[in-house]
Amino acid sequence: AVSRGDRGSGAEVSHTRSLSPRRAMWRGGMSEEVGKALCAVLDRVQQAAARRPQSLPNLHPRLVAVSKTKPPEMVIEAYRYGQRNFGENYVQELLEKASNPQVLSSCPEIKWHFIGHLQKKNVNKLMAVPNLFMVETVDSVNLADKVNAAWQKVRPTSTSGQKLKVMVQINTSGEDSKHGLPPGDTVTTVQHIMASCPALEFMGLMTIGRYGYDLSQGPNPDFQMLLSQRREVCTSLQVGPETVELSMGMSNDFEHAIEVGSTNVRVGSTIFGDRGYPNTPSPERKTKVVTEEAVGKLERLTVKEQ
């Protein structure tokens with residue numbers, strides 16, 4: 001469960017003093033909006049969990065606040081309101097944000113989730129992310145092996161003893177635009193991770209699913225597919241469903257996802273506001289830290305577009 005207290009400390013005061021005048025103005029207005037939005041989402045998560053059938057595992061859903069394209073200050077504000085799990089889609093952006101000195105000093109218990117497509121060439125960079133908690137998008141045996149080897153090099157289990165939590169991503173909709181394993185490969189991939197990747201801890205299954213599904217047509221078939229995949233994994237491994245998490249549901253459908261069994265929802269714009277950015281190259285192609293001037297340019301472009 002996430003506490004809504006944690007309203008600040010002396011460290012927060014020093015952080016406020018270090019902000020530029022423009023950032024201080026942002027802090028005075030938007031910070032309260034982040035807090036209100038986060039509390040509203042947490043209420044909706046709790047209410048959706050209360051509507052779940054008793055036949056589902058009694059696991060309180062984890063809220064992952066997706067901070068993609070948002071400045072570190074917004075992460076810090078959500079953290080002040082008790083949020084601990086944050087998600088990012090791009091390795092470079094995650095590395096920069098997680099390594100931000102203010103984030104490191106203000107958010108000592110932060111847990112970063114990587115929720116985007118992971119290319120093998122970026123695995124080593126991802127392993128260097130401070131406070132990396134979970135990789136939700138392992139979608140092949142080869143990628144699992146690469147992540148396992150890289151984690152062993154960066155943080156040997158013999159010294160730190162901590163395994164890296166991973167989920168296996170399934171392409172439940174069958175769309176070419178979506179990443180993830182075909183459902184038929186789920187069990188063998190999970191078995192491989194558990195038997196041959198000693199540095200990894202298998203946590204569960206993840207899907208993105210088809211965008212814009214109309215719930216008036218019935219339960220989301222992508223979510224139902226992921227539930228079916230969990231049943232197959234549990235039967236194969238002879239474990240209970242409470243040991244295999246399900247990461248499904250985003251801003252537009254997280255309540256329905258929780259009602260049918262999700263234990264991990266990824267919510268971004270409902271907490272942090274719409275992502276008002278122009279069609280620019282992926283952050284993976286950027287090699288330098290985004291400056292305040294660049295952020296200002298993006299904001300001005302957004303105003304012009306509107």
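The values are calculated or read from the model by the stated rules, or taken from the named source; none is laboratory data. What you are looking at is a predicted structure, and each value in this text was computed from that prediction instead of being measured. Positions of Cβ are backbone-derived with ideal geometry, glycine not excepted, and every protein chain shown enters the neighbour counts. Keep in mind that these areas ignore ligands, DNA and RNA; they rest on the heavy atoms of the full protein, side chains included. Shrake-Rupley method; radii C 1.70, N 1.55, O 1.52, S 1.80 Å.
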statement: The condition from (1) at pLDDT 95 or above; (2) open to solvent by 30 Å² or more (accessible area, probe 1.4 Å); (3) among the β-branched types (Val, Ile, Thr) that VAL289 misses is numbered (1)
query: GLN191 passes all but one of (1) surrounded by fewer than 19 Cβ atoms within 10 Å (Cβ to Cβ); (2) in contact with a Phe, Trp or Tyr (Cβ under 8 Å, 6 or more places away or on another chain); which number fails?
result: (2)
- request: Among the residues of segment 228-247, write down those that are open to solvent by less than 50 Å² (accessible area, probe 1.4 Å) and closer than 11 Å to GLY204 by Cα.
  value: GLN229, ARG230, VAL233, CYS234, VAL244, GLU245, LEU246, SER247
field: Odd one out for PHE114, checked against (1) modelled with pLDDT of 95 or more; (2) open to solvent by 10 Å² or more (accessible area, probe 1.4 Å)
entry: (2)
Restricting segment 70-90 to residues that are farther than 19 Å from ILE115 by Cα and outside any helix (DSSP H, G or I), the residue that is least open to solvent (accessible area, probe 1.4 Å): GLY82
query: Does GLY218 count as on the phi > 0 side of the Ramachandran plot, in contact (Cβ under 8 Å) with a residue 24 or more places away in the chain and not aromatic (Phe, Trp, Tyr)?
result: no
- request: Among the residues of segment 231-249, count how many are on the phi < 0 side of the Ramachandran plot and without any contact (Cβ under 8 Å) to a residue 24 or more places away in the chain.
  value: 5
statement: GLN47: passes all of (1) at pLDDT 95 or above; (2) loosely packed, with under 12 Cβ neighbours inside 10 Å but (2)
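So that you can scan it fast, the table gives a plain yes or no per residue for (1) part of a strand (DSSP E or B); (2) of a type outside the set (D, E, K, R); (3) under 20 Å from VAL265 (Cβ atoms); (4) open to solvent by 40 Å² or more (accessible area, probe 1.4 Å):
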{"position": "MET134", "(1), (2), (3), (4)": "yes, yes, yes, no"}
{"position": "THR137", "(1), (2), (3), (4)": "yes, yes, yes, no"}
{"position": "ASP145", "(1), (2), (3), (4)": "no, no, no, yes"}
{"position": "ASN148", "(1), (2), (3), (4)": "no, yes, no, no"}
{"position": "TRP151", "(1), (2), (3), (4)": "no, yes, no, no"}
{"position": "VAL166", "(1), (2), (3), (4)": "yes, yes, yes, no"}
{"position": "LYS178", "(1), (2), (3), (4)": "no, no, yes, no"}
{"position": "VAL187", "(1), (2), (3), (4)": "no, yes, no, no"}
{"position": "ARG210", "(1), (2), (3), (4)": "no, no, yes, yes"}
- request: Within segment 94-113, identify whether any single residue is in contact (Cβ under 8 Å) with a residue 24 or more places away in the chain, within 21 Å of ALA257 (Cα to Cα) and assigned to a strand (DSSP E or B), and answer yes or no.
  value: yes
query: Across segment 96-111, what is the number of residues that are of a type outside the set (Ser, Thr, Tyr) and open to solvent by less than 40 Å² (accessible area, probe 1.4 Å)?
result: 6
query: Residue check, MET225 against (1) at pLDDT 95 or above; (2) open to solvent by less than 30 Å² (accessible area, probe 1.4 Å); (3) more than 25 Å from VAL123 (Cβ to Cβ); (4) in contact with a Pro (Cβ under 9 Å, 6 or more places away or on another chain), all met but one. Which one?
result: (2)
- request: Filter segment 60-69 down to residues that are at negative phi and touching a Gly at 6+ places or on another chain (Cβ under 9 Å) and give me whichever is most open to solvent (accessible area, probe 1.4 Å).
  value: LYS68
